[in-house]
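Take a look at the structure set out below.
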Amino acid sequence: MTLFKTNKIKQAIIIAMTVLSVACTQDSNATQVAQLQTKVISNSQNRQDTQKKIAQYQVVDTGQTKFFSNDSEISKPKKGDDFYGQDAQFVKNKASYSNNGDGTVTDNVTGLMWQKSYQVMTYAEAVEAVKTMNLAGYSDWRLPTIKELYSLMDFSGADPSGAEGGEEPPTGVPSISTEGAIPFIDIDYFDFKFGSNGQREVDTQLLSSTLYQGKTMKTNDTVFGLNVADGRIKGYELIDPRTRSGKKFTVRFVRGNTDYGKNNFVEKNGVVADKSTGLMWAKDDSKKGMNWQQALQYAEQKNKENYMGYSDWRLPNAKELQSIVDYSRSPQATNSASIDPIFNGRQLLIKM
């Protein structure tokens, strides 16, 4: 587990790490991050050049308001209690949107501008459509990256598959009722429909421009998508295995900061600062696997130790953790986990 100076344990972001860094809080440690940044000498001229070009951006809060044990909802824990230090205890960069009245929505935290409505298209159709798109007088629209899409995720949603495990039903399984389901996107601002791009209620998969650097089922090209019906990121084959034609997605275009989601890491004495987000991370992970309760305790222990000179470490929330995923890396393409090698971690062992 790597330390970060909050968390919903059940999100798929945890995939590639043993227990990823607990990062420093954006607000309370802004001065500390700035001080670290002024002292750091980059490991390479290439990294220095990158740092000069990447614009800053904010990571939007998850919107998580509930508290959990390993397997159920609980009342708010106090400092010193089991499960203290989880996501809902830290609110920063609360989601805020403006409806511009012209078919666009501005994210007041990230500054990105989004299409309010959506179309249903294949990946190939979306790539072509955006080339000539003109909305609200703008012609610089693009297909969002998976990090841009994830900024829209609202973790106050409720999965329509509920206690059945949060998985999409396999082909041929009857549709799931949406009674009690809550979309994982703010429907006061964005158009939404359960099953917008498929026959099942869970088929509301927003398309990203981020292709998986590898193959699924050994031969199939795959793109990352964000399912705002059941609240998770998943890799989707570009060819629908049922129809053998291009898979249909819900497509919502974006414009604005083209550097959103890019990292600008600087490291000194075991601490890695991301100049893009203002977040500070521990360079080393925990060197052993932990369950969620143990991970929360690990962060609190590091605070007692004043780890690396800081006492406000915490587990990252799902969006903060995703902010340091490197989607250009994969076991197939780079024989590594999907994270910048500036971080220390256990070697990824995989048999291909």
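Every number here is computed from the coordinates shown, using simple stated rules; none is lab data. As the structure is a computational prediction, the values presented were derived from the model and not from experiment. Quick reminder, even Gly has a Cβ in these numbers, built from the backbone with ideal geometry, and neighbours come from all protein chains shown.
Does at least one position in region 146-155 carry a residue that is of a type outside the set (A, V, I, L, M), loosely packed, with under 15 Cβ neighbours inside 10 Å and on the phi < 0 side of the Ramachandran plot? Before the answer, list the steps.
Going residue by residue through region 146-155, those that are of a type outside the set (A, V, I, L, M) are 147-148, 150-151, 154-155.
Narrowing the set further to residues that are loosely packed, with under 15 Cβ neighbours inside 10 Å leaves none.
No, region 146-155 has no match at all.
Pairing each residue of region 314-329 that is farther than 13 Å from W281 by Cα with any residue that is basic (K, R), provided the two are 6+ apart or on different chains, yields C-beta distances under 6 Å for A318/K8. Among strands (runs of 3 or more DSSP E) entirely within region 186-281, having at least 1 residues that are within 30 Å of S161 (Cα to Cα) singles out 205-211, 222-227, 232-237, 249-251. Just to be sure before I move on: is L296 of a type in the set (A, V, I, L, M) and closer than 29 Å to T104 by Cβ in the structure I sent? No, not satisfied. Filtering region 82-126 to residues that are within 20 Å of I146 (Cβ to Cβ), β-branched (V, I, T) and part of a loop (DSSP other than H, G, I, E, B) leaves V109, T110, T122. Candidates are the residues of region 284-331 that are in contact with a Ser or Thr (Cβ under 7 Å, 6 or more places away or on another chain) and hydrophobic (A, V, I, L, M, F, W, C); the one that is nearest to G345 (Cα to Cα) is V325.
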